[in-house]
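So the structure is just underneath, and the comments pick up after that.
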Amino acid sequence: MSYAMAAGLQTAVYQRLVQDAALSALVGGAIHDAVPPGRVPPLYVTLGPEEARERGDGTAGGAWHRFTITVVSESAGFQQAKAVAGAVSDALVGVELSLARGRLSSLNFLRARARREAGGQARRIDLIFQARVDEGA
């Protein structure tokens, strides 16, 4: 197993989200690698936790990466957050991403969880994706 491709995967996912026109139309520049310090925007997207496990096949190294993309909205209902979550999913599923090391073999949506936060004042959707990365070109 190799975790060496994790940084490249994160960079490629982030760049894809930032460059997606439909997502940008919904959130502007409010796409972050981590929750921004201080006052956060009323609607934003952030990269979240990740888990990785071996995906070796005996010929080359690789790994499965499960990672979270979070949408947070201060809107009264879930509609705005769900529209953004849908744009995030559309931006990532089925696309080819170029990694600094290795290659992306697949990127799929696994599940989502929508809930209220901050005493009911915010809406949060955690989208879980799974990527398979392989060593080599």
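Of note, L17 satisfies the criterion of being surrounded by 16 or more Cβ atoms within 10 Å (Cβ to Cβ), touching a residue at least 40 places away in the same chain (Cβ under 8 Å) and either in contact with a helix residue (DSSP H, G or I) (Cβ under 9 Å, 6 or more places away or on another chain) or not basic (K, R) (or both). Output yes when any residue across the range 90-102 is modelled with pLDDT of 95 or more, β-branched (V, I, T) and buried (at least 20 other Cβ atoms within 10 Å of the Cβ), and no when none is. For the range 90-102, residues modelled with pLDDT of 95 or more, β-branched (V, I, T) and buried (at least 20 other Cβ atoms within 10 Å of the Cβ): absent. Selection of the range 35-58 for residues being in contact with a Gly (Cβ under 9 Å, 6 or more places away or on another chain) and either touching a residue at least 40 places away in the same chain (Cβ under 8 Å) or loosely packed, with under 12 Cβ neighbours inside 10 Å (or both) yields L43, E54, R55, G56. The set of residues in the range 20-38 that are aliphatic (A, V, I, L, M) and assigned to a helix (DSSP H, G or I) comprises A21, A22, L23, A25, L26, V27. Filtering the range 105-122 to residues that are in contact with an Asp or Glu (Cβ under 7 Å, 6 or more places away or on another chain) and either over 16 Å from E54 (Cα atoms) or at pLDDT 95 or above (or both) leaves A112, R113, Q121, A122. When the range 59-72 is filtered for residues that are surrounded by fewer than 20 Cβ atoms within 10 Å (Cβ to Cβ) and either among the basic types (K, R) or in contact (Cβ under 8 Å) with a residue 60 or more places away in the chain (or both), the ones remaining, listed by number, are A60, G61, W64, R66, T68. For the range 89-103, the set of residues classified as in contact with a strand residue (DSSP E or B) (Cβ under 6 Å, 6 or more places away or on another chain) and either closer than 18 Å to A60 by Cβ or of a type in the set (D, E) (or both) consists of G102, R103, listed by residue number.
The values are calculated or read from the model by the stated rules, or taken from the named source; none is laboratory data. Treat the numbers as computed from the prediction; the structure is a model and nothing was measured. Ideal geometry is used to build each Cβ from the backbone, glycine not excepted, and the neighbour counts take in all protein chains shown.
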